[in-house]
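We did not get these values from a lab; they are worked out from the coordinates using the rules stated. What you are looking at is a predicted structure, and each value in this text was computed from that prediction instead of being measured. Positions of Cβ are backbone-derived with ideal geometry, glycine not excepted, and every protein chain shown enters the neighbour counts.
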Amino acid sequence: NAGVTQTPKFRILKIGQSMTLQCTQDMNHNYMYWYRQDPGMGLKLIYYSVGAGITDKGEVPNGYNVSRSTTEDFPLRLELAAPSQTSVYFCASSYSGQGSGANVLTFGAGSRLTVL
Amino acid sequence: AQKITQTQPGMFVQEKEAVTLDCTYDTSDQSYGLFWYKQPSSGEMIFLIYQGSYDEQNATEGRYSLNFQKARKSANLVISASQLGDSAMYFCAMRGSGNTGKLIFGQGTTLQVKP
């Protein structure tokens, strides 16, 4: 199993450019998340999804958009990139329900984005 | 509103000794979950241990244990017999009620293990 796969791993953008961070999971998890981590800080939730066709804002959604057309994929779109969006982005997934593994987030390897 | 606080930005421990990383939380939910994740310098997020708010026993996973004190709203991570590979950033996180599974994270504690 690949788990959670994010692409690209690294990207440099110019101010005003747009891009999409791809995220796919092969664990049939119903929940998916996007977090950002600024240097030396904790993770902040950007957007999340509890199932295909359902998305909702997290703590820091401004400047981002998401979609969830399938269970597996949860892309994050950055429109009009700004230097404040320089960060490491993590995609994660989990499943709901009972059991010790429920709601344990499995993370992708992260995508380091620099906006210049 | 829910909040996680980790007050130790950095910690040092001698190899083979035990260390406690502090975590306090604030929530009005009756049902919640507490998690610890490890982030080595390579950057990935590794799940370590979970404690449910209704669990009566403290969680343990190998050398990791979670000292859960519900009345004090604390969920400290104890690492026994520290190893050099334990040097990393450690994050405490909380899941609240509501069927979304989303976690809020603390600021993290950097642990350095000295040989």
Q: Quick one: net charge around residue B:17, please, counting Lys, Arg +1 and Asp, Glu -1 for every other residue with C-beta under 14 Å from its C-beta.
A: +1
**Q.** Hits among lysines - C-alpha to C-alpha of residue B:73 under 16 Å, sequence gap 8 or more where chains match
**A.** B:3
Q.
Between residue A:9 and residue B:31, what's the calculated FRET efficiency when r is the beta-carbon distance and R0 is 41 Å? Round to 0.05.
A. 0.65
(Q) Can you give me the distance in nm between label points at residue B:84 and residue A:79, each placed 7 Å from the Cα along the Cα-to-Cβ direction? (A) 5.1 nm
Q: Using a 10 angstrom cutoff on alpha carbons, build the Gaussian network for chain B and name the most mobile of B:41, B:31, B:82.
A: B:41
Q) Over chain A, what number does the Rg to Rh ratio reach, with both radii from the alpha-carbon atoms and Rh per Kirkwood? A) 0.96
**Q.** Per-bin percent of Cα-Cα distances, region A:48-116 [5 Å]
**A.** 3, 14, 21, 25, 18, 11, 5, 2, 1
(Q) Restricting to bridges with both residues inside the protein assembly as shown, how much of the DSSP beta-bridge set is antiparallel, in percent to the nearest 5? (A) 90 percent
Q. Which three extents, in whole angstrom, do the alpha-carbon atoms of region B:52-115 cover along their principal axes, largest first?
A. 44, 24, 20
Q: Would you mind giving the mean number of other chain beta-carbons within 10 Å of the Cβ of each residue in B:42-50, as a whole number?
A: 4
Q. Under the definition of Cα pairs under 8 Å and six or more residues apart, what whole-number percent is the relative contact order of chain B?
A. 37 percent
Q: Give B:70/B:114; A:44/B:38; B:70/B:102 a once-over and call out the pairs whose C-alpha atoms are over 24 Å from each other.
A: B:70/B:114
